[in-house]
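The values are calculated or read from the model by the stated rules, or taken from the named source; none is laboratory data. Because the structure is predicted, anything quoted here is derived from the model rather than measured. When we count neighbours, we look across all protein chains shown, and the Cβ atoms used for this are built from the backbone with ideal geometry, even at glycine.
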Amino acid sequence: MKLLVLISLVYLLGSTEALKVLVVFPYPVKSLSILGTGAVRHLLNAGHEVTYITVFPLKNMPTKTFRQIDISTNLELLKKDESMTMGFVLEHKLEKNDALQIQNFALEGAKATFQHESVKKLLQDPNERFDAVITDLIESEVFAGLAVLYDCPMIWLYSMGAHWQVLRMIDRGTNPAYDPDYLSPAMTPLSFLERVDELWARVKWQFLKTFITQPEERKIYEQTIGPLVAKRGRTLPDYEEVIFNASLIFGNEHDAVRDRPSTPQNFKYIGGFHVEEPVKPLPKDFQDLIDNSKHGVIYFSMGSFLKSNSLPKPLIAELLKMFGELKQTVIWKFESDLPDVPKNVHIVQWAPQPSILAHPNVRMFISHGGLLSSIEAIHFGMPTIGVPVFFDQFTNVNKAVENGYALRVPLSHNLPKDLKVAIDTMLKDDTFPKKAKELSSIYHDRLSKPGVELAHWVEHVVRTRGAPHLRSPAWRVPLYQRLYLDLIALVLAIVSLFFYIVSSLFKKTPKKNDQKKRN
């Protein structure tokens, strides 16, 4: 009995010991940074020490348990691509779902991060130690080398859900017949042509990854991580081995948001962990505005990445005119001041989105359909009008429409007219808010808060030295065994042997005609 108590005490002491965690979010996308900040916040609340590599440095953080490395120079990566705007997509009638472009963006982000002087200084310190590495996952696995350097478990934090591109890293992947590409707007069940398209997208992605971007990633890994690992007296493992050696992947999604394929035990859904609870109070000007809106409020925001001011000026003027004809107050998050704004329209360059969506007088949310905004809409039970532009936004909006709490409006020069129809429909039909509240109830019905789960699983991975018990057994089965190629080969060999023997016997057996001739 005493021994059992002693073991329990040792376990509890080990589980509450502060961990040193390296969190890396190196890409110049604000929504991704929000996820990184959420992870940092929950780890600090759990009593751990965090080093945070970020493009968007935080303010007013604790100095004893928190250290951040500012790599805001990575913002220059976005300035190189002028096509990543609403205006460009509108005029060129395209969906920015170019797999190679996304892979190159991730690759350039990795290069810029490893070349940053502050990051170099951190990595070159031979006395630096971490218990776990958590890093953002966008089409590049080269940051897995950090776990090799610090000889600790690797945890990915993926901004979306369980798509095949991610599952392939910890399992053996899924079937494109029921698991569409994350860039695809297709919804299951797929038609014949959609299945063909999904198969082609998968083959194309794998080809680009294997022969174009992954060789570049390998160079970064070997040239950057290799010498540092050698200084610590260890041998650098092969890159292929490293990228498929993650202990855990966090997925920022929930059942209420969209369908998801089956996943191994080391893929954990924590969608909504970035939403702070309790929600912060609204600033007084927002509070007064929303409280005093007799007919309710419509909140319009295209997120932090897309800029509404890139739209053509005539289209912006038409949107303002359309909003001005509504009874409702419209809060439009816009990046600059606008002339001739109607009295009921309020242009703001910054908006406390969760606090706005939490207010009972807000009637609907006009959104680009990004995953964070989609999760927040479900979190607060807010009916939504989606205007998807690119990436996963089409999939998110299509699923929201299928779930019954949203309408989809295409980004076009008819946007003001189409939006007006959607707004009128949503104001008149109370099934949209009812469905949003129903899904919100499903979303909140959990055993524990997602942020608590995040901290728990990080601790669990460290405590169990990489959580090997959670890993998929599929990794231990070679491809030829999973596809039963050995069995197929055996059956073919047996059948071939059978026909060979039968054929040989027939050849050796004299025919009747030959016997008659001999007689």
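Observations, loosely collected:
- Condition met for E453 (surrounded by 12 or more Cβ atoms within 10 Å (Cβ to Cβ), among the acidic types (D, E) and not assigned by TED's automatic domain parsing to the domain that holds A246): no
- Against the test of being charged (D, E, K, R) and over 20 Å from the mean Cα position of the chain (by Cα), the options K231, K209 yield a single qualifying residue, K231.
- For the range 297-314, the set of residues classified as over 14 Å from S336 (Cβ atoms) and surrounded by fewer than 17 Cβ atoms within 10 Å (Cβ to Cβ) consists of P312, P314, listed by residue number.
- Count of residues meeting criterion [assigned to a loop (DSSP other than H, G, I, E, B) and modelled with pLDDT under 95] in the range 295-328: 8
- Candidates F506, F432, F498, filtered to the one that is among the aromatic types (F, W, Y) and loosely packed, with under 10 Cβ neighbours inside 10 Å: F506
- Filter result (aliphatic (A, V, I, L, M) and in a loop (DSSP other than H, G, I, E, B)) within the range 243-274: A246, A256, V257, I270
- Pairing each residue of the range 306-329 that is over 19 Å from P388 (Cβ atoms) and of a type in the set (V, I, T) with any residue that is modelled with pLDDT of 95 or more and not in a loop (DSSP other than H, G, I, E, B), provided the two are 6+ apart or on different chains, yields C-beta distances under 9 Å for T329/L289; T329/I290; T329/V297; T329/I298; T329/V345; T329/H346.
- Boolean, K284 is free of Cβ contacts under 8 Å to residues at least 24 places away in the same chain, over 22 Å from E141 (Cα atoms) and either not β-branched (V, I, T) or not assigned by TED's automatic domain parsing to the domain that holds I331 (or both): yes
- Considering residues of the range 51-91 that are at pLDDT 90 or above and among the basic types (K, R) only, the residue nearest to K307 (Cα to Cα): K59
- Enumeration of residues in the range 103-148 that are in contact with a helix residue (DSSP H, G or I) (Cβ under 9 Å, 6 or more places away or on another chain) and among the acidic types (D, E): E108, E128, D131, D136, E139, E141
Yes/no matrix, rows are residues, columns are (1) on the phi < 0 side of the Ramachandran plot; (2) surrounded by 19 or more Cβ atoms within 10 Å (Cβ to Cβ); (3) at pLDDT below 95:
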{"position": "Q101", "(1), (2), (3)": "yes, no, yes"}
{"position": "F114", "(1), (2), (3)": "yes, yes, no"}
{"position": "S118", "(1), (2), (3)": "yes, no, no"}
{"position": "L122", "(1), (2), (3)": "yes, no, no"}
{"position": "F130", "(1), (2), (3)": "yes, yes, no"}
{"position": "I134", "(1), (2), (3)": "yes, yes, no"}
{"position": "P153", "(1), (2), (3)": "yes, yes, no"}
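- Boolean, P180 is crowded, with 16+ Cβ neighbours inside 10 Å and not assigned by TED's automatic domain parsing to the domain that holds L32: yes
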